[in-house]
1. Near Lys170, which aspartates and glutamates are there with a Cα under 19 Å away, not counting those fewer than 8 places off in the same chain?
2. What are the ³J(HN,Hα) values, in whole Hz, obtained from phi via the Karplus relation 6.51 cos²θ - 1.76 cosθ + 1.60 with θ = phi - 60°, for each residue of the stretch 159-173 in sequence order, with x given for Gly and Pro?
3. Scan around Ile116 for amide H atoms under 5 Å from its own, H built in the peptide plane at 1.01 Å from N, and keep only partners 5 or more places away or cross-chain.
4. Under the Karplus relation 6.51 cos²θ - 1.76 cosθ + 1.60, θ = phi - 60°, what is the ordered set of whole-Hz ³J(HN,Hα) values for the stretch 94-110, x standing for Gly and Pro?
5. With each pseudo-label sitting 7 Å past Cα toward Cβ, what's the Ile155-Asp74 distance in nm, one decimal?
6. Give me log10 I(q)/I(0) at q = 0.23, 0.25 Å⁻¹ for the stretch 82-178, Debye formula, one equal scatterer per alpha-carbon, no solvent.
7. For Lys139 paired with Glu5, estimate the spin-label separation in nm (one decimal), with each label point 7 Å from Cα along the Cα-to-Cβ line.
8. Suppose R0 equals 35 Å; then what is the FRET efficiency for Arg166 and Ala19 from their Cβ-Cβ distance, rounded to the nearest 0.05?
Amino acid sequence: MLSTELNKLVKVSFIGHPAVGKTTMLKLLSKNTIDRIYMPTHGFDLKTVQIESFTLKIWDLAGQKNYLKAYSKDHLLGSDIIIVVTDSTPRNVLSSRELINYATHFVGRDCPIIAIANKQDLKSVDGRMDPERVGEILKVKTFGLTAINPEQRMILINIIRKELERVAVKRGMREDEF
């Protein structure tokens, strides 16, 4: 691979507890059909997605506790961007704070960690928090989303695009290169 191609290769890791929508978000991003059948991820899923000139290797890490403790460290190493997905319930948001603290031990300070407060379509029904409140608790930049809604694909792409700009600057790329 040429160094310019390597410079545009970005590792993005999706982390979060079980059933928060990590895999659905990955399907939304890669234009796959989104079904409503829950199938837990075992280990991890890996997808390649192109956003402009960047090639994203997206790691969807399983959320089961045993997996998180045993393997997530190895999969988080080398991440350029970490996206923490929460379902916006108070219990899950507090647990996500612990995940963020854990992840910071394995990535550099300049690795952006952002949160997606998923399942915003349910917030008025069952007490899920809005993205602003989730962000206050997690202490990271947080965006609201409903991953089962294909119309929100561009919102997710724009969120990632902004973080890609930060990665490009960190790598010393000129604006015309990304």
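Quick note: the coordinates plus some simple rules give every number you see, no bench work behind them. Everything numeric here is computed off the predicted structure, so don't read it as measured data. Neighbour counts are summed over all protein chains in view; Cβ atoms, including those assigned to glycine, are modelled from backbone coordinates with ideal geometry.
1. By straight Cα distance, Lys170 reaches Glu5, Glu52, Asp80, Asp110.
2. 4, 5, 4, 4, 6, 5, 4, 5, 5, 4, 5, 4, 7, x, 7
3. Val84, Val85, Thr86, Phe143
4. Each residue's phi maps through the Karplus curve to give 5, 5, 5, 4, 4, 4, 4, 4, 5, 4, 5, 6, 10, 10, x, 4, 8 Hz.
5. In this crude label model, Ile155 to Asp74 measures out at 3.6 nm.
6. -1.16, -1.27
7. 4.2 nm
8. So, using R0 = 35 Å, E works out to roughly 0.75.
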